[in-house]
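The values are calculated or read from the model by the stated rules, or taken from the named source; none is laboratory data. Only a predicted model underlies this, so the values are computations on that prediction, with no experimental measurement involved. When we count neighbours, we look across all protein chains shown, and the Cβ atoms used for this are built from the backbone with ideal geometry, even at glycine. To get the accessible areas, we keep the full protein, side chains included, count just its heavy atoms, and leave off ligands, DNA and RNA. Shrake-Rupley method; radii C 1.70, N 1.55, O 1.52, S 1.80 Å.
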Amino acid sequence: MHRDSDRYRLFSRRSILLGGGQAALFAALAGRMYYLQVVESERYTTLAEENRVSLKLLAPPRGRIVDRFGRPMAVNRQNYRAMLIPEKAVDVARALDTFGKVVPLSEAETERILREVGRKRRFLPVLVRENLTWDEVARIEVNAPDLDGVSIDVGESRHYPDGIYTAPILGYVSAVSEEEMTGDPLLELPGFRIGKAGLERVHDEALRGRSGTSQVEVNALGREIRELERREDQPGTEAWLTVDLELQKYTARRLGEQSASAVVMDAHTGDVLTLASTPTFDPNSFNRGLTPEEWRNLIGDPRSPLNNKAIAGQYAPGSTFKMAVALAALEKGAVTPDSQVYCPGHLELGDATFHCWKPEGHGTMSMAAGIVQSCDVYFYEIARRTGIDRIAAMARRLGLGAKAGIDLPGEKPGLIPSRAWKKKVKGESWQAGETLLAGIGQGFFLVTPLQLAVMTARLVNGGKAVRPRLTKQLVPFDARETAGPDLPAFESLDIHPSHLELVTNAMAGVMNSPRGTAFRARIEQPGRRIGGKTGTVQVRRISKAEREAGVLKNEELSWEERDHALFVGYAPVDNPRYVVSVIVEHGGGGASVAAPIARDILLEVQERDPSRGRSQARLPGDAVSGPAEREG
């Protein structure tokens, strides 16, 4: 009995312990369930909702870019794309092979698609080919039964209606590289493009706009079931430029296939009406993706189509620099307007001889005559009297030797040398002969076509420090009308008005005096006459033996050894408003090559003046007068 009683007590204790443990377990479970279902109810409801609802980004339309009259320069158009959903294809590799027979795919494209298929979930679409032509879309649709998993999607793509003419200004958009990923989810959208050059790059963030969102219900596998809510995207800001599109096209056609550039500015506001660089490229090709052959052709062209010569081409200014030398000499008092210098065709300095472009010489020259006839000896002499530092200071006041500050990437500063610069950079002292070369804009001097246009504007607008601008204003997509920004009040350069008048009158004589170097390129129409200055820049040294034997003509030299042709000008003579600079690389004489181009552009810009009510451009090359004379 005693043993039975002990066994009973032992069993009872174990039962109590087991029951207590079970009760504690159920109590803990109940407490946990209460915590999850009551205390944490809201949190887990949110998590469940997030698993059920997927948020998708909607790419916004990129903002348009338009010219000063609202004409479109960069727009968006429908982009037909072929998309592949891997789970709907029995064999992805086979589907791509079949697609390649309908629309050819390169080996690189096929590899890219297979990489994306392996990286994404199988129900997510993968881009096969975009920018499809209507013919390609039709072929895909006809062969749809044999193209497992392939469908046509419609999006938007950047398009430049006049791309080959506007590329130097607008640049282009292209796919986002890994280095350009900033964490912005918009950049990770398939086929998204960002600005890579030109104004597309400068205003990229404003042009992008704001993405929209679409909330869609998904199942446990992540597949979309239905759309729950949508917030529409906000299109990008619209950029209004100062450019006259028709004048831009005219200028580019007038330059032709030469390696050349031209800038047209409003001398009073700084508005850039034209900024052309030739040869150029089609920015639409960067949007769709360049082929290896297209890229090789672009980078292998010696005329550098990818280089915007108007802001990044750096050249010796040649005789177009003589106005700066004249102003520096007058300001110092080294000469007066009536001071005369005799030109026998050369000037001796020590054992060196500095030649004039006219071998027989010009005879006795005053300052105005020196500019009109572009006498090198006259400017050798007044440069010697003035000194390089005075000349350099005046050049900088006129906008040379520093970036003009235009809203384009890649602008070069050029170079205006001085005694201090040479000592610092070269470790050498300045030489007297280098000052003589400065008098005719050669030696170490480098300027850009844009800087020459700024210099000319400051000469003819009364000595105001005008600065160039390309972007008139950025207009939000939903703004109907907006007032343009107030123009800045440009400060005075403190150049004596009589000195400016002498120089600008002499520039008028260059074009309209029978002795002027560009007389044959003049405009004879009343009220349309122009002023200007020619320049011809040597790119190689002419030896004494060559000079004595007779220097070869430009046509007899290889292209890269020919002179650069330059011209700066303004119009109209009686009330200057427009300025132009033209540089033709290895084109020959400034008077014979650059001046006629500038004349036609200045006539066109006057014909297109809104106050005259004319909107149609002339055909490029319409002659106004005969060929011009050559000038050194």
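Pick from Leu330, Leu415, Leu349: which is hydrophobic (A, V, I, L, M, F, W, C) and closer than 30 Å to Lys196 by Cβ? Let's see the steps before the verdict.
Values: Leu330 fails: closer than 30 Å to Lys196 by Cβ; Leu349 fails: closer than 30 Å to Lys196 by Cβ.
Step by step, each of Leu330, Leu415, Leu349 is checked, and only Leu415 is hydrophobic (A, V, I, L, M, F, W, C) and closer than 30 Å to Lys196 by Cβ.
Selection of the range 77-105 for residues being open to solvent by less than 40 Å² (accessible area, probe 1.4 Å), part of a helix (DSSP H, G or I) and touching a residue at least 60 places away in the same chain (Cβ under 8 Å) yields only Pro86. Of all residues in the range 253-269, those satisfying the criterion of being buried (at least 16 other Cβ atoms within 10 Å of the Cβ) and either closer than 21 Å to Pro576 by Cβ or free of Cβ contacts under 8 Å to residues at least 60 places away in the same chain (or both) are Ala262, Val263, Val264, Met265, Asp266, Ala267, His268, Thr269.
Within the range 131-190, take every residue that is among the small types (Gly, Ala, Ser) and in contact with an Asp or Glu (Cβ under 6 Å, 6 or more places away or on another chain) and give me the one that is surrounded by the most Cβ atoms within 10 Å (Cβ to Cβ).
Filtering the range 131-190 for residues among the small types (Gly, Ala, Ser) gives 138, 144, 149, 151, 155, 157, 163, 167, 171, 174-175, 177, 183.
From what is left, the residues that are in contact with an Asp or Glu (Cβ under 6 Å, 6 or more places away or on another chain) are 163, 171.
Values: Gly163: 20, Gly171: 25.
It comes out as Gly171.
Gly363: farther than 30 Å from Leu470 by Cα and of a type outside the set (Asp, Glu), yes or no? In short, yes.
May I ask you to list the residues in the range 399-442 that are out of contact with any Leu (no Cβ under 7 Å at 6 or more places or on another chain) and among the aliphatic types (A, V, I, L, M)? Leu400, Ala402, Ala420, Val425, Leu437, Ala438, Ile440, listed by residue number.
With the requirement that a residue be touching a residue at least 24 places away in the same chain (Cβ under 8 Å) and under 22 Å from Ala432 (Cβ atoms), what does the range 354-363 give you? Write out each step before concluding.
The first filter runs over the range 354-363 and keeps only residues touching a residue at least 24 places away in the same chain (Cβ under 8 Å), leaving 354-358.
Within the range 354-363, Phe354, His355, Cys356, Trp357 qualify.
Would you mind telling me which numbered condition in (1) surrounded by fewer than 18 Cβ atoms within 10 Å (Cβ to Cβ); (2) assigned to a loop (DSSP other than H, G, I, E, B); (3) over 29 Å from the mean Cα position of the chain (by Cα) Glu501 fails? All conditions pass for Glu501, except number (2). What residue, among those in the range 268-285 that are touching a Phe, Trp or Tyr at 6+ places or on another chain (Cβ under 9 Å) and outside any loop (DSSP other than H, G, I, E, B), is farthest from Leu245 (Cα to Cα)? The extreme case among them is Ser285. Scanning the range 355-393 for residues that are over 40 Å from the mean Cα position of the chain (by Cα) and of a type outside the set (Val, Ile, Thr) yields a count of 9.
One line per residue, one yes/no per condition, for (1) touching a helix residue (DSSP H, G or I) at 6+ places or on another chain (Cβ under 6 Å); (2) open to solvent by 50 Å² or more (accessible area, probe 1.4 Å); (3) of a type in the set (Val, Ile, Thr):
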{"residue": "Asp271", "(1), (2), (3)": "no, no, no"}
{"residue": "Thr274", "(1), (2), (3)": "yes, no, yes"}
{"residue": "Asp282", "(1), (2), (3)": "yes, yes, no"}
{"residue": "Leu298", "(1), (2), (3)": "no, no, no"}
{"residue": "Asp301", "(1), (2), (3)": "no, no, no"}
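Residues in the range 106-125 include none that are in contact (Cβ under 8 Å) with a residue 40 or more places away in the chain, farther than 15 Å from Ala93 by Cβ and outside any loop (DSSP other than H, G, I, E, B).
Residue check: is Lys472 at negative phi, touching a Ser or Thr at 6+ places or on another chain (Cβ under 6 Å) and open to solvent by 30 Å² or more (accessible area, probe 1.4 Å)?
Numbers: at negative phi: yes; touching a Ser or Thr at 6+ places or on another chain (Cβ under 6 Å): yes; open to solvent by 30 Å² or more (accessible area, probe 1.4 Å): yes.
Yes; evaluated as a whole, the condition is true for this residue.
For the range 286-315: of the residues being outside any loop (DSSP other than H, G, I, E, B) and in contact (Cβ under 8 Å) with a residue 24 or more places away in the chain, which is nearest to Val128 (Cα to Cα)? Per the criteria, the residue is Arg288.
Listed by first and then second residue, the pairs with beta-carbon distance under 9 Å, at least 6 apart or on different chains, first residue in the range 164-177 and within 15 Å of Ile406 (Cβ to Cβ), second of a type in the set (Lys, Arg), are Pro168/Lys309; Gly171/Lys196; Gly171/Arg201. Each residue in the range 559-609 was checked for being touching a strand residue (DSSP E or B) at 6+ places or on another chain (Cβ under 6 Å), open to solvent by less than 10 Å² (accessible area, probe 1.4 Å), more than 18 Å from Ile371 (Cβ to Cβ) and not in a strand (DSSP E or B), and 6 pass.
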